[in-house]
Each structure stands twice: as C-alpha cells, then as structure tokens.
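Report on one structure; see the data block that follows.
The values are calculated or read from the model by the stated rules, or taken from the named source; none is laboratory data. Quick caveat: nothing in here was measured; it's all calculated off a predicted structure. Reconstructed Cβ throughout: ideal geometry from the backbone, glycine too, with neighbour counts over all protein chains shown. Accessible surface areas use protein heavy atoms only, side chains included; no ligands, DNA or RNA. Shrake-Rupley method; radii C 1.70, N 1.55, O 1.52, S 1.80 Å.
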Amino acid sequence: VIDVGTGTCGLGAGAGHTLNAIRQYLMQHRLQAEVVEVGCLGLCSQEPLVDVQVPGRARVCFEKVTEDKVPEILDAVLAGFVPFQHVLGQWPTPDQRPWDRVMHLAHHPFFALQRRCVLKNCGVLDPASIDEYIARGGYKGLAKVLLSMRHEEVCDCILESGLRGRGGGQKWKIALHQAAPSRYLICNADEGDPGAFMDRAVIEGDPHRLIEGIIIAAYGIGATKAYVYIRAEYPLAIKRLEHAIAQAQEYGLLGTNILDSGFSLNVVIKQGAGAFVCGEETALIHSIEGKRGMPRPRPPFPAAEGLFNSPTIINNVETFANVPAILCNGAAWFAGMGTATSKGTKVFAVSGKVRRTGLVEVEMGTTLRQVVMEIGGGIPNEKRYKAVQIGGPSGGCIPTQHLDIQIDYESLKQVGAMMGSGGLVVMDEDTCMVDVAKFFMEFIQRESCGKCTPCREGTLRMLEILERIPHGRRRETKTDALERFRGVIYLDRLARVIKDTSLCGLGQTAPNPVLSTLRFFREEYEAHIFDR
C-alpha cells in the first residue's frame with residue numbers, strides 16, 4: 001500500500017506529479033499495489049510525503065518525494081532496502097541494517113509530544129472511503145447516540161466533557177429548550193485568519209468525522225437541517241465533503257430516518273465569498289440568509305433566535321470533530337485531558353520562522369516552548385526566537401519572557417493573547433514588530449464590514465499612525481519626532497476605545513496585535529521615531 005499526501009499543502013509541493021510518477025512506475029514494472037490519496041499528515045514542511053507499507057515489514061514514510069525521486073525509492077524498497085536518505089526521521093543511524101530498526105513515526109520529534117484526537121485519521125485513512133472510516137471506529141458514536149440517548153443526554157455529555165471556547169453543551173441546551181417549530185445547526189468552516197489552515201486540513205483528510213459530529217450535534221438540539229459554511233477558496237475540501245455527504249446518505253447515515261431512529265437530517269454546503277467578518281456568527285447567519293454579511297447586536301443570541309428567526313447553534317470544525325470521540329468514549333475521557341479549566345486538546349497551524357511547519361495537536365497545558373522548540377524544531381538559520389502571534393489578527397504577540405507559558409485560555413489572556421482559531425505564526429529576531437502590527441491592522445481594516453464607527457473609522461486611524469511611525473524623512477526636528485511619539489500614546493488610547501465600543505468580536509479584538517506589541521516591544525516603536 002502506498003499512501004500519498006494529497007492535501008492542499010501536498011499538492012502545492014508537487015504531490016500530484018509524484019502520484020503520477022508512482023502510478024507510471026507500477027505500470028511499467030507490472031506491479032500491483034494500492035495507491036491511496038490521503039490528506040495532510042501534519043508535517044507540511046516535508047511535503048510531498050509518501051508512506052509505503054510492505055507486507056510483513058515496518059511502515060515507512062518518505063519526505064520531500066518529488067517525482068524524480070520515485071524510481072530510486074521504489075527500486076530500493078522492492079529490493080528489500082530502506083533508502084534512509086529519504087526517510088522521515090524513522091532511521092536511527094545510516095549504518096543500521098535495512099528494515100531492522102526503523103522507528104515508528106510516532107517517535108519523530110514532530111509527533112512525539114502531540115495528542116492527536118481531531119487529527120487522528122488525517123494522513124492515515126482514505127478520505128474518499130466511508131468503509132475505512134467505519135473500520136477505524138467511525139459512526140460508532142452516532143449509533144450509540146441515536147439508539148440509546150435522549151437529546152438532553154447528548155447536551156449534558158458535551159457540557160460535562162468541558163469542551164470549551166469552541167462552543168458546547170450550554171448553548172446546545174438553550175436551543176433545545178426553545179419553543180420553536182424548527183432549529184438549525186451551522187458548522188463554521190470559514191477560517192479567514194492569516195496563517196490558519198486547520199479546518200481545511202481536517203475536512204480534506206477526515207470529512208466523515210466532521211459529518212458524524214454534525215449529525216450528533218443536530219440530534220442533540222433537535223435540528224433537522226444543517227449548514228456547512230465554507231470558503232469557496234477551499235475547492236478540494238468542498239469536493240471531498242460533498243463526496244462524503246453522498247456516501248453517508250447512501251449508507252443510511254444521513255438523510256431520512258437515520259439508522260431507523262426516526263431522526264432525519266439534511267446537510268447543505270454553503271460557500272462563502274471570503275469575508276473575514278462572516279466568521280462572526282450573526283454576520284454568518286445573514287450571509288446564509290442571502291443578506292450582506294454584517295453583524296447585529298446581541299441579544300437575542302442565535303441559540304434563541306438565529307437563522308430564519310429560529311434557534312440556531314454555530315460551532316466550528318474542530319468542535320464538531322471532537323464530538324464523535326466524546327460521545328463514544330464518554331465525557332470523562334475528554335475531561336481527563338488538559339488543565340483544570342481548559343480541557344481536551346487544541347489544533348494549531350504552526351507557520352513562520354520555524355523549522356517544521358504544519359498542523360499540530362497538543363493537550364491543553366502544553367507550553368509554548370514545547371510547541372515551537374521541540375515539535376516545531378526551533379528557529380532556522382541559527383536565529384533567536386522573538387515572538388509568536390497566536391490567535392490570528394484577533395490575537396496577540398507572545399515574547400521570549402513568556403515562552404514557557406502554558407497554552408490554555410486563562411494563561412493566554414494574562415499576556416494579552418487569545419486561543420482564537422489556532423493560527424500560530426513564529427517570528428525571529430529579524431522581524432520588525434511595528435511591521436507585524438501594521439500587517440494585521442491592514443488586514444482588519446480591509447475586512448471590517450463598516451457597520452459600526454469605532455471599527456470602521458478607528459482601525460483606519462490606527463493604520464494611518466502605524467504607517468507614519470516607520471516612515472523615514474530627510475529632515476525632521478526633535479519636535480516632529482515628539483509629535484510622532486504622541487501618536488504612539490494616542491494609538492494606545494484609540495486601541496482601548498475601539499476594544500470597548502465596537503459592535504462585534506472583530507472590532508473588539510482588532511487592537512490586540514497593536515496593544516501586545518506596544519506592551520512588549522515599545523522600544524521598537526521608539527527606535528523608529530527617535531533613531532529612524
């Protein structure tokens with residue numbers, strides 16, 4: 001069996017050409033092998049990844065397998081040797097005997113500290129095969145729910161598990177208890193944060209896990225229709241999700257009278273146009289209704305009055321991907337991971353100035369140093385770590401002195417950051433933090449829907465100040481420099497006003513990158529102003 005990583009990251013690195021080269025090699029040598037297109041294994045920096053399983057021997061994963069390396073690798077494998085120079089960290093030393101001491105991939109530094117729950121099947125099973133998903137325990141949680149649990153019990157199980165920050169049992173119960181003729185469920189797969197690609201990878205690599213989670217959640221709140229709101233820029237994820245939905249319907253796991261339980265559910269894919277503000281739940285609801293994606297004041301909250309004025313639950317991909325395992329293994333299993341107040345695991349998209357970029361899933365409470373230095377392999381080119389931008393444009397920068405901070409909701413808030421979607425961008429000593437603040441402010445200002453004045457006008461003023469600060473001048477008096485320094489003070493005040501007075505989460509968190517860089521890297525602002 002030959003698995004080829006054909007997620008978006010793999011295809012971007014040339015996996016399509018590698019796949020064709022493998023098939024041509026097998027055809028030329030008249031060999032029979034099962035070639036499977038799998039999703040992203042997580043280690044995006046080493047793509048294209050090719051995993052080879054020879055009967056009776058250890059499974060071996062090869063890294064950066066471009067089409068020109070295919071003959072060399074397969075020739076060696078068929079001859080009974082492992083071409084160690086291409087192996088993904090599973091070879092202790094080059095002088096070991098072939099196949100004798102090939103280590104399991106779980107021992108690779110990138111995977112050793114991870115706790116893969118949501119990403120358990122990604123890069124391992126065929127996302128186009130419902131049979132493979134069922135063989136690995138798929139839809140077991142759904143069968144348990146539909147055949148032996150009441151709606152209330154499902155909500156209680158999620159609540160007891162401690163699934164937090166991504167929604168959960170409390171608002172599910174609110175929606176369930178509303179006196180309404182219909183209820184809706186929405187999966188928010190519209191990840192628009194720079195550096196975030198978790199939802200895309202989960203859908204591309206394990207779409208049936210998402211579908212199972214959606215069905216269980218819909219049963220829990222009594223919804224008969226669900227929407228998956230996904231970016232149109234994710235064509236591969238959409239294609240694989242559509243295929244998975246069709247398979248689930250064919251197997252009687254989706255549609256009318258699922259598993260003869262009397263429960264029915266229709267899942268609709270709604271493609272978004274790429275507006276970042278539609279990540280906010282009320283703006284997302286307006287978009288599905290065919291209106292302009294703009295937030296509205298709350299209350300009423302969507303759980304009471306949402307899509308088409310009906311009770312609506314909105315959660316993201318990671319939440320629904322956690323649901324099947326929680327219902328299958330029990331609330332105590334999930335609650336047994338993480339910290340006292342932050343349960344379970346969290347998926348991060350690690351990118352930027354780090355050796356091993358990709359998708360990482362760690363238990364809550366893991367330190368930032370472990371993620372960046374051990375899992376990520378540290379900073380390349382012998383550079384020093386400077387900061388991590390966590391939580392996307394709504395998050396904050398975490399400097400060196402807080403590198404040992406635990407990754408959980410409370411700890412991140414203490415340093416002016418937030419968990420957010422899970423984007424984690426690493427920066428080294430060469431990064432200008434004023435430029436970082438300006439980059440994220442440009443993004444926020446561009447994506448603002450313009451409905452409320454603090455966000456529409458305030459972010460524009462902040463961006464103008466940030467553009468003036470590093471702008472060099474041929475002649476500048478000390479008075480001019482002091483005037484720009486007053487701009488920094490005004491920037492701080494303006495950021496706090498926007499944070500307190502904006503209508504929705506986008507505006508309320510927009511100043512976070514500026515506030516965190518002012519807090520930890522104020523000397524860089526002053527260096528631009530006084531030292532040019």
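Filtering the stretch 197-218 down to residues that are touching a helix residue (DSSP H, G or I) at 6+ places or on another chain (Cβ under 6 Å) and open to solvent by 10 Å² or more (accessible area, probe 1.4 Å), which residue is modelled with the highest pLDDT? It comes out as 209. For the stretch 466-486, filtered to residues that are in a helix (DSSP H, G or I) and modelled with pLDDT of 70 or more, the residue that is surrounded by the most Cβ atoms within 10 Å (Cβ to Cβ) is 466. Looking only at residues of the stretch 19-50 that are surrounded by 21 or more Cβ atoms within 10 Å (Cβ to Cβ) and within 16 Å of residue 87 (Cβ to Cβ), we find that the one that is farthest from the chain's Cα centre (by Cα) is 50.
Per this entry, residue 304 is counted among residues that are more than 22 Å from the chain's Cα centre (by Cα) and in a loop (DSSP other than H, G, I, E, B). Kindly provide the set of residues from the stretch 252-277 that are within 29 Å of the chain's Cα centre (by Cα) and over 17 Å from residue 226 (Cβ atoms), ordered by number. Of everything in the stretch 252-277, those that are within 29 Å of the chain's Cα centre (by Cα) and over 17 Å from residue 226 (Cβ atoms) turn out to be 273, 274, 275, 276, 277.
Of all positions in the stretch 143-151, at least one carries a residue that is touching a Ser or Thr at 6+ places or on another chain (Cβ under 6 Å), touching a residue at least 12 places away in the same chain (Cβ under 8 Å) and open to solvent by less than 40 Å² (accessible area, probe 1.4 Å). Are any residues in the stretch 219-260 hydrophobic (A, V, I, L, M, F, W, C), in a loop (DSSP other than H, G, I, E, B) and buried (at least 22 other Cβ atoms within 10 Å of the Cβ), and if so, which ones? Scanning the stretch 219-260 gives 223, 253, 254.
Of the residues in the stretch 377-384, at least one is open to solvent by 10 Å² or more (accessible area, probe 1.4 Å), among the acidic types (Asp, Glu), assigned to a loop (DSSP other than H, G, I, E, B) and more than 16 Å from residue 433 (Cα to Cα). Of the helices (runs of 4 or more DSSP H) lying entirely inside the stretch 487-532, those containing at least 2 residues that are more than 28 Å from residue 279 (Cα to Cα), of a type in the set (Asp, Glu) and modelled with pLDDT of 90 or more are 522-530. Scanning the stretch 261-300 for residues that are among the acidic types (Asp, Glu) and part of a loop (DSSP other than H, G, I, E, B), we see that the one that is least open to solvent (accessible area, probe 1.4 Å) is 280.
One residue stands out in the stretch 53-88 among those that are of a type in the set (Val, Ile, Thr) and in contact with a helix residue (DSSP H, G or I) (Cβ under 6 Å, 6 or more places away or on another chain): the one that is farthest from residue 4 (Cα to Cα), namely 73.
This table checks each residue for (1) open to solvent by 50 Å² or more (accessible area, probe 1.4 Å); (2) out of contact with any Asp or Glu (no Cβ under 6 Å at 6 or more places or on another chain); (3) not hydrophobic (A, V, I, L, M, F, W, C).
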{"position": "326", "(1), (2), (3)": "no, yes, no"}
{"position": "348", "(1), (2), (3)": "no, yes, no"}
{"position": "352", "(1), (2), (3)": "no, yes, yes"}
{"position": "357", "(1), (2), (3)": "no, yes, yes"}
{"position": "364", "(1), (2), (3)": "no, no, no"}
{"position": "370", "(1), (2), (3)": "yes, yes, yes"}
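Taking the stretch 68-176 and the helices (runs of 4 or more DSSP H) fully enclosed by it, the elements with 2 or more residues that are modelled with pLDDT under 90 are at 70-78, 169-176. Condition first: in contact with a Gly (Cβ under 6 Å, 6 or more places away or on another chain), in contact (Cβ under 8 Å) with a residue 40 or more places away in the chain, surrounded by 17 or more Cβ atoms within 10 Å (Cβ to Cβ) and more than 24 Å from residue 163 (Cβ to Cβ). Can you find one or more residues in the stretch 309-321 that meet it? No, the stretch 309-321 has no match at all.
Looking for something out of contact with any Pro (no Cβ under 9 Å at 6 or more places or on another chain) and more than 19 Å from residue 89 (Cβ to Cβ) - is there at least one such residue anywhere in the stretch 55-63? Yes, that holds for at least one residue. Restricting attention to the stretch 1-54, the residues that are closer than 24 Å to residue 241 by Cβ, of a type in the set (Gly, Ala, Ser) and in a helix (DSSP H, G or I) total 4.
Can you pull out the residues in the stretch 419-443 that are open to solvent by 20 Å² or more (accessible area, probe 1.4 Å) and assigned to a loop (DSSP other than H, G, I, E, B)? Within the stretch 419-443, 420, 421, 429, 430, 431, 432 qualify. Please go through the stretch 182-195 and give me each residue that is under 10 Å from the mean Cα position of the chain (by Cα) and open to solvent by less than 10 Å² (accessible area, probe 1.4 Å), ordered by number. Selection gives 189 alone. Any chance the stretch 445-465 includes a residue that's surrounded by 22 or more Cβ atoms within 10 Å (Cβ to Cβ), at pLDDT 90 or above, within 21 Å of residue 388 (Cβ to Cβ) and aliphatic (A, V, I, L, M)? No; the residues of the stretch 445-465 include none that is surrounded by 22 or more Cβ atoms within 10 Å (Cβ to Cβ), at pLDDT 90 or above, within 21 Å of residue 388 (Cβ to Cβ) and aliphatic (A, V, I, L, M).
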